[in-house]
Structures are given as structure tokens and as C-alpha cells.
1. How much length, in nm to one decimal, is gained on full extension between Ser88 and Asp73, taken as 0.36 nm per residue of separation minus their Cα-Cα distance?
2. Just from its helices, what would the mean residue ellipticity at 222 nm be for the chain, if runs of 4 or more DSSP H residues each count -39500 (n - 2.57) and the sum is divided by every residue, rounded to the nearest 500 deg cm²/dmol?
3. Can you tell me how the chain classifies by the Cα gyration tensor, rounded, prolate or oblate, using a/c under 1.5 as the rounded cut?
4. Would you work out the charge dipole size for region 5-86 about its Cα centre, treating the Cβ of every Lys and Arg as +1 and the Cβ of every Asp and Glu as -1, and quote it to the nearest 20 debye?
5. Please list, in order along region 9-17, the HN-Hα scalar couplings obtained from phi with the Karplus expression 6.51 cos²θ - 1.76 cosθ + 1.60 (θ = phi - 60°), rounded to whole Hz, x for Gly and Pro.
6. If I model a spin label at Asp110 and Asp55 as a point 7 Å from the Cα along the Cα→Cβ vector, what separation in nanometres do I get?
7. Specify which residue in the list Ile122, Gly34, Pro48 is farthest towards the positive end of the charge dipole of the chain, using unit charges on the beta carbon of Lys, Arg (+1) and Asp, Glu (-1), about the Cα centre.
8. Count of lysine pairs in region 6-136 with Cα atoms under 25 Å apart, counting only pairs 8 or more residues apart in sequence or on different chains?
Amino acid sequence: MATSFELSVVAPDREVVGTQSTSVIAPGVDGYFGVWAGHVPVVSALKPGILEYIDESGNRHHVYVGGGFVQVDSSKVTVLADEARLASDLDVTEAEKVLEEARKALRGEDSTIASEDAVTEIERATARIRAAKAGK
């Protein structure tokens, strides 16, 4: 049985990750779930969070995903993300500014974020901050 599989994480504008992996932990809408080589086929919606994977050398990597879908089969995992960035590329200060703007919108204060989008933006900004810290 194979011990690794192809992992592809794709954002609308580019492929963020394209590598062989031994495991993936993904932020499913019903909670985080793990995938290993030979996994049964599954398709799942993703919520904003941290996708963690281990490469063939045993190195752990973190990727922020802003939601989307994942398709798993025995030899490949494909993530189609609404947005995705390597943890090392995230700016905590920028994410904290978005988080504060979203909180202002929820409080009914003047904000660059619409109040109906505030909860989603809080979820995404919080996930970006967590991913950036995990990637250090």
C-alpha cells in the first residue's frame, strides 16, 4: 500500500501547494478531519481554518484556507479553496486590522466591512492569525 499521495491546494488565482504528502488535516464544516494514503473517497465542504500537511520528508506545513471544498481519493487530495495562502506568507498585523474592522461592523460602528459579512470575516481573520502563528 502507498504511504504518500498527491496534494494539490488551489486558490482561484494559483496553485498554492502541489506536492507529495503523507497526511493532511483539513477544516471540514463539521470539524477537522484527517486523510492518509489509501483513504476512502470523500468530498467535503471546508470552513475557514488551517490545513496542515506532512510532506514525504516528515516536515509539517500549514496553509490558511478561507473555505471551499476538498476531494479525496486513494491517491490524491485536491483542495479547491475560496482563498488559500501558505502560513509563512500571512501578515498577522493585516489580519488583526481586518478582525478589528469586522468587530466594529458587528457593533454597528462605521466599518469598511458590511455587517452581514462581519461574522465570516471574523472567522477568516482569526484563521489567518492562527495559521500565521502555527507556521512560525
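1. Details: separation 15, 0.36 × 15 = 5.40 nm, distance 2.79 nm.
Contour length minus the Cα-Cα distance gives 2.6 nm.
2. When only DSSP H runs of four or more count, the value is -8000 deg cm²/dmol.
3. Values: a/c = 2.79, a/b = 2.01, b/c = 1.39.
Since a/c reaches 1.5 and a/b is larger than b/c, the shape of the chain is classed as prolate.
4. Working: 5 positive and 10 negative charges, 21 e Å.
Taking the Cα centre of region 5-86 as origin, the dipole is about 100 debye.
5. Those phi angles translate into 10, 10, 9, x, 9, 5, 8, 8, 9 Hz.
6. It is 4.7 nm.
7. Ranked along the dipole, the leading option is Gly34.
8. On the way: Lys47/Lys76; Lys47/Lys97; Lys47/Lys104; Lys47/Lys133; Lys47/Lys136; Lys97/Lys133; Lys97/Lys136; Lys104/Lys133.
Going through region 6-136 pair by pair, I get 8.
Rule-based calculations on the coordinates, nothing more; no lab input. Quick caveat: nothing in here was measured; it's all calculated off a predicted structure. When we count neighbours, we look across all protein chains shown, and the Cβ atoms used for this are built from the backbone with ideal geometry, even at glycine.
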